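Notes follow the structure.
Nothing in this text is a laboratory measurement; each read-out follows from the coordinates by a stated rule. Just so we're clear, the structure is a prediction, and the values are computed from it rather than from any experiment. As a convention, Cβ positions derive from the backbone with ideal geometry for all residues, glycine included, and neighbour counts pool all protein chains shown.
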Amino acid sequence: MNAVQENDTLAKLVALCKRRGFIFQSSEIYGGINGFWDYGPHGVAMRRAVEQAWWRYMVEQRDNVEGLDSTIICHPKVWKASGHLDKFSDLMVDCMECKKRFREDQLETPGVCPACGAKKLTEPREFNLMMKTYVGPVFDDEHVAWLRAETCQPIFVDFDQVRVASRQKLPFGIAQIGKAFRNEINPRFFTFRSREFVQMEMEFFCRDDEAMTWYDYWKEERWKFYTQVLRIPENRLKIHPHDKLAHYAKAALDIEYDFPFGWGELEGVHHRGTWDMGRHSEFCGEEQKYFDQERNEHYYPTVVETSCGLDRICLALLCNAYDEDTAPTKKEGMDEDVRVVMHLPALVAPVQVAVLPLSRKLEEKAEPLYKDLKRFLRAEYDVTGNIGKRYRRQDEIGTPFCVTVDFDTLNDQAVTVRERDAMTQDRIPIDQLKAYLLERVV
Ligand code: GAP
């Protein structure tokens, strides 16, 4: 695909997301607000499924990772200690001709405005990305607070409370899923760079001499999550080791996805040394050290972090799923032979099974079947329009299985299960349907 076709793919995906209720602009009736996105019924179902898959994989299936759900607003000193208030900024330039603002590091030609081509750019200036608010009735400097820019800082702050409550010993991790806010200067590429987004982070606390072993372990585990749990093909992903490291870090890498607009970061796996625990100790005035009984020693735990963005993972899944195939849809009652289909993995598809009675006269049989399936799967019921159009709608949502109830069902107590990708149709006895589907949606 060339660049024009690839951008075309993103434009088509954006249109599909709006049409089928995945993702649309926030506050659209007021003209929208740049960098903020709402997830509609199908989007939220998918996003929750991805989030659940991450939580299950990172927390519930392990004995050495605990969960946390902290507040979005923390004590302002948290952000002083983390360095965000002093250093979390981008260098920006303004075009004196067209008045647009750009990140200096994203200029294609240094000194030239990418919008109007003028060579009249201001000197670079620093813009902090933290979002400001006030706590309490008075809007003055004393009451300033910040919306968290990453979910990991409260994990460091709460380390000891979680350790005591969970009776964990090193090595162990703390995971959190939640909103993060960044005043991005150039939100772009649909949800890829947003100003409000969800992070899924896990901080693994360990001994310094074991940290590189854990770093390799988590790198493997995170790769498996993308390729085996979310089934993203390996050739659409790559690991990008960092050339430059923070002074306290021993290793860092990004896991990237091949988006229509180029390779983009989904996740960072970072060795963070003892930096975070040391900084919070310094700023709160109390040493956040761990007492290692085996070694009879107090020390700061070393941290290995896995940090990913839920919205970016969803975008990668949507980009990977989008397809226009020339399937023989004529036999399904449609004139066109090109169908838009989302090949989403069944685990995260917003609708896992759609129940489609061929006629309203079959509702008495179809509805109880649907209600029963809904107890175990994300299910939808659709009785309107010809069957071809209903299949087409489910293809665009990414529904892996459509169950058709027809007049034969009344005699043979069986239904037709149409599989989205191969478009095969199997006749399955109703009493085996649940097992048949459950086996295929994991
Ligand atoms: N605690 C480390 C940390 O926050 P980061 O690379 O700044 O590291 C981690 O962010 C992940 O959060 C990224 O890999 C990305 O998936 C997601 N993310 C960061 N900024 C984002 C934005 N503006 N919009 C959407 N996702 C973002």
Fill in the blank from the handout: Cysteines of the chain without any disulfide-compatible partner (other Cys Cβ under 4.7 Å) are C17, C74, C152, C206, C284, C308, C314, C319, C402
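Once you have a ≥ b ≥ c as the square roots of the Cα gyration tensor eigenvalues for segment 68-183, tell me rounded if a/c is under 1.5, and otherwise prolate or oblate according to whether a/b is larger than b/c.
On the way: a/c = 3.67, a/b = 2.10, b/c = 1.75.
Prolate.
Please report Y134, Y39 as a ranked list, fewest other C-beta atoms within 10 angstrom at the top and most at the bottom.
Working: Y134 13, Y39 21.
Ascending number of Cβ neighbours within 10 Å: Y134, Y39.
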Problem - Crossing angle, helix 363-374 versus the chain [Cα axis fit, 0-90 degrees, rounded to tens] - result: 20 degrees
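Sorting M200, M131 on the 10 Å Cβ count, fewest up front, what's the list?
Details: M200 21, M131 17.
Neighbour counts put them in this order, fewest first: M131, M200.
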Handout entry: Relative contact order of segment 43-124, pairs being alpha-carbon contacts under 8 Å that are 6 or more residues apart, as %
Key = 18 percent
Problem - Crossing angle, helix 3-19 versus the chain [Cα axis fit, 0-90 degrees, rounded to tens] - result: 70 degrees
Handout entry: Distance from segment 246-279 to segment 26-92 (C-alpha centre basis), Å
Key = 17 Å
Completion exercise
Here Rg/Rh (Cα, Kirkwood) for segment 395-436 equals 1.00
Fill in the blank from the handout: Relative contact order of the chain (C-alpha contacts under 8 Å, at least 6 apart) in percent is 13 percent
Handout entry: Cα-based helix-to-principal-axis angle, 211-224 vs the chain, degrees rounded to 10
Key = 20 degrees
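Below 8 Å, C-alpha to C-alpha, sequence gap of six or more: please give me the relative contact order for segment 289-442 in percent.
Values: 238 pairs, mean separation 30.3, N = 154.
Once divided by the residue count of segment 289-442, the mean separation gives 20 percent.
Which whole-number percent of Cα pairs in segment 131-218 have a distance greater than 17 Å? Can you show the working numbers first?
Details: 2454 of 3828 pairs.
It works out to 64 percent of all Cα pairs.
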Practice task
Once every Cα of the chain carries one equal point scatterer and solvent is ignored, give the base-10 log of I(q)/I(0) from the Debye formula at q = 0.10, 0.11 Å⁻¹, two decimals.
Solution key: -0.84, -0.98
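Okay, helix-only estimate at 222 nm for the chain: each DSSP H run of n ≥ 4 adds -39500 (n - 2.57), divide by all residues, round to 500 deg cm²/dmol; what do you get? Don't skip to the end; give the middle numbers.
On the way: 13 runs with 130 residues, N = 442.
About -8500 deg cm²/dmol.
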Fill in the blank from the handout: segment 158-206 and segment 374-442 have their Cα centres apart by a whole-number Å value of 38 Å
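Could you pull out the trypsin sites (Lys or Arg not before Pro) across segment 165-244 that fall in loop regions by DSSP (anything but H, G, I, E, B) with no more than 15 other Cβ atoms inside 10 Å? The partial results should precede the final answer.
Numbers: sites: R167, K169, K179, R182, R188, R193, R195, R207, K219, R222, K224, R231, R236, K238, K244; in loops: R167, K169, R182, R195, R207, R231, K244.
When the trypsin sites (Lys or Arg not before Pro) of segment 165-244 are filtered for loop state and at most 15 Cβ neighbours within 10 Å, R167, K169, R231, K244 remain.
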Completion exercise
Rounded to one decimal in nm, the spacing of the 7 Å Cα→Cβ label points at D208 and D140 is 4.5 nm
